[in-house]
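The structure under discussion appears below in the form of structure tokens.
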Amino acid sequence: MASWEDNVRKVVPYVPGEQPKEKNIIKLNTNENPYGPSKRVLEKAVELEKLKLYPDPAASELVETIANYHGLNNNQVFVGVGSDDVLAMAFMTFFNSGKKLLFPDITYSFYDVWAELFNIPYEQIPVDCDFRIKAADYYKDNGGVIFPNPNAPTGIAEPLSFVRDILDHNKDVIVIVDEAYVDFGGESALPLIDEYDNLLVVRTYSKSRSMAGLRIGYAMGNERLIKYLNDVKYSYNSYTMNMPSIILGKESILDDEYFKETVNKVIDTREWFKGEIEKLGFSCPPSAANFLFMTHSRLSAKEIFETAKANKIYVRYFNKPRIDNHLRVTIGTREEMETFLELLKSIV
Ligand SMILES: *Cc1c(COP(=O)(O)O)cnc(C)c1O
């Protein structure tokens with residue numbers, strides 16, 4: 001019997017890390033930066049009275065501030081509601097050849113979800129046994145390439161020469177480099193956007209800028225790429241960026257000193273914590289992100305995940321092939337990591 005349900009688009013949604021309601025927890029499961037937004041953001045008066053008006057559809061003030069910060073023109077920057085929104089728009093805009101979109105098997109688990117949602121064929125290419133992406137795997141004919149650099153959940157960063165290698169072998173498709181974690185030690189592909197008009201570099205406020213709750217992401221690239229993205233955006237929702245995001249997003253960029261200070265604190269804590277857990281027999285790939293992807297030769301990651309949770313410490317566990325004995329642990333404050341370290345010591 002035919003029913004309306006036959007014609008419903010059925011999708012398997014992305015499952016984000018848990019946002020527990022429980023109080024007094026240590027939250028190391030979704031890669032937020034523990035230090036919070038800059039004082040400039042916290043103290044900025046937002047005229048809420050103005051919420052009666054539609055915001056600027058072009059979010060010009062925010063776009064201009066981001067463009068200036070990176071030494072670009074305004075027409076080289078596209079903003080969205082978190083980089084998830086930016087990436088979803090980019091999938092819709094750029095991957096329409098009917099050929100396979102290529103990305104690593106171990107990577108941000110939203111890529112395959114968007115590909116399914118937008119009916120984009122795709123192929124997940126296995127990273128090697130050290131979780132490294134091999135550029136040569138991306139030389140073949142395809143409908144586009146996307147990867148995070150540093151990659152998630154491994155934290156491994158590839159050098160600019162690697163990105164260039166991929167670009168040199170993929171001149172007829174769009175290549176997206178998702179730089180959600182680049183501020184924690186990766187090498188940005190941004191200097192290549194003038195040379196490669198098919199390169200889109202995507203960033204987010206959610207990790208290094210400690211503003212996941214506001215939802216701001218952006219893409220940088222050749223002005224033609226940005227125009228095509230804007231055309232799709234204006235065909236979908238003209239007002240993606242709300243007024244507080246535009247104003248507070250701008251303030252964050254203007255306080256570069258605070259930004260660099262908190263990012264450096266995270267990096268220092270990461271390197272200290274890595275040294276400590278290695279003494280306990282854990283290992284993890286070198287991380288250029290604000291998390292470590294750790295495993296232990298003897299102990300079960302799933303059991304540590306559960307024990308940690310019982311002790312109000314939330315980390316991320318992926319029940320997936322190849323990585324089901326790893327934990328992805330966000331770098332919190334020094335005190336938070338000391339507490340987690342004590343727990344790990346007691347488990348070991
Ligand atoms: C967190 C993350 C994003 C999305 O972040 P938003 O909060 O939507 O900006 C995108 N890509 C990667 C690799 C991430 O880890």
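Tabulated values for the structure
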read-out	value
Pairs, first part of a loop (DSSP other than H, G, I, E, B) in segment 10-32, second open to solvent by 100 Å² or more (accessible area, probe 1.4 Å), C-beta under 8 Å, six or more apart	V11/E116; V12/E116; T30/Q19
Output for segment 82-110, where each listed residue is of a type in the set (G, A, S) and within 16 Å of the chain's Cα centre (by Cα)	G82, S83, A88, A90, S109
Listing of strands (runs of 3 or more DSSP E) fully contained in segment 286-348 that carry 3 or more residues being under 17 Å from N24 (Cα atoms), assigned by TED's automatic domain parsing to the domain that holds T204 and of a type outside the set (D, E, K, R)	none
Those residues of segment 69-108 which are farther than 29 Å from A59 by Cα and within 15 Å of the ligand (Cβ to nearest atom), in sequence order	F103, P104, D105, I106, T107
Any hit, segment 129-143, residues being open to solvent by 50 Å² or more (accessible area, probe 1.4 Å), hydrophobic (A, V, I, L, M, F, W, C) and away from the ligand (no atom under 16 Å from the Cβ)	yes
Subset tally (residues that are within 15 Å of the ligand (Cβ to nearest atom), open to solvent by less than 80 Å² (accessible area, probe 1.4 Å) and β-branched (V, I, T)) for segment 1-60	1
Residue that is surrounded by the fewest Cβ atoms within 10 Å (Cβ to Cβ), among those in segment 201-240 that are of a type in the set (A, V, I, L, M, F, W, C) and more than 13 Å from the ligand (Cβ to nearest atom)	V232
Qualifying residue in segment 268-287 (condition: in contact with a His (Cβ under 6 Å, 6 or more places away or on another chain), β-branched (V, I, T) and either over 26 Å from Y205 (Cβ atoms) or open to solvent by 10 Å² or more (accessible area, probe 1.4 Å) (or both))	no
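The values are calculated or read from the model by the stated rules, or taken from the named source; none is laboratory data. Predicted model only: the values in this text are computed from it and were never measured. Virtual Cβ from ideal backbone geometry, glycine too; neighbours counted across all protein chains shown. Side chains are part of the model used for accessible areas, which takes the heavy atoms of the whole protein and leaves out ligands, DNA and RNA. Shrake-Rupley method; radii C 1.70, N 1.55, O 1.52, S 1.80 Å.
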